[in-house]
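The values are calculated or read from the model by the stated rules, or taken from the named source; none is laboratory data. Everything quoted here is computed from the prediction, not taken from an experiment. Every residue, glycine among them, receives a Cβ derived from its backbone with ideal geometry; neighbour counts consider all protein chains shown.
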């Protein structure tokens, strides 16, 4: 237990990204701005990330998914759900893994456990990564809003993002990371409660849409109310 707590402590300085698209690339930008090193990866190879690495500067480098998983103190998984089994397992043992995913059957194919709501997206990833500590976050905000709404701690218009996870230390580490990149965190409970901000719920991306491209700030009271309004797909 002590080793796990140390691994999830405040001295985590490198973020590994498995998937560097809209959300992954945005988290990388925010992380670099906050002083983290980032190791980017995707399914197409490090050479395809040269432009993003050049933009991010000396704190960024490109690698394979296995290398990014190994290098990261914190790892973001932001791949299409259909590819979640390709996420490397052994390099992520004991680590905080932030899961951004949503289930889109038209993209991912039908997944019976999600269709009958007997489990959730992030629980699938946790099952695939049994020795990691998965926290669901970033799945319910548009990438442009994620970039535009970041604010320093104490700002009156700072936004809050929901997190869910089964490990208290991992959620504390995710909260510290969110704080560093410009967000407060609202604990939505265990991974099983992650459905409350999945696709098409009241707490999904539309909550952050405003009249401007940067989005609309969302405070804890607003997000908490939206989570409480959530209804299972079968109950709609």
For this session: Could you check residue 48 against (1) more than 19 Å from residue 178 (Cβ to Cβ); (2) in contact (Cβ under 8 Å) with a residue 24 or more places away in the chain; (3) not in a loop (DSSP other than H, G, I, E, B) and say which number it fails?
Result: (2)
For this session: Return a yes/no flag: does region 102-112 have any residue that is in contact (Cβ under 8 Å) with a residue 60 or more places away in the chain and touching a strand residue (DSSP E or B) at 6+ places or on another chain (Cβ under 8 Å).
Result: no
Exercise. Which condition number in (1) surrounded by 15 or more Cβ atoms within 10 Å (Cβ to Cβ); (2) in a loop (DSSP other than H, G, I, E, B); (3) modelled with pLDDT of 95 or more is the one that residue 35 fails?
Worked result: (1)
Problem set entry | Residue that is surrounded by the most Cβ atoms within 10 Å (Cβ to Cβ) [pool: residues in region 219-236 that are part of a loop (DSSP other than H, G, I, E, B) and without any contact (Cβ under 8 Å) to a residue 60 or more places away in the chain] | 230
Problem set entry | region 181-201, residues that are within 18 Å of residue 143 (Cα to Cα) and surrounded by 14 or more Cβ atoms within 10 Å (Cβ to Cβ) | 181, 182, 183, 184, 185, 197, 198, 199, 201
Exercise. In region 155-168, how many residues are over 19 Å from residue 141 (Cα atoms) and in contact with a strand residue (DSSP E or B) (Cβ under 7 Å, 6 or more places away or on another chain)?
Worked result: 1
Problem set entry | Test result for residue 189, touching a helix residue (DSSP H, G or I) at 6+ places or on another chain (Cβ under 9 Å) and part of a loop (DSSP other than H, G, I, E, B) | yes
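So which of 159, 155 is farther than 20 Å from residue 227 by Cβ and at pLDDT 95 or above?
155
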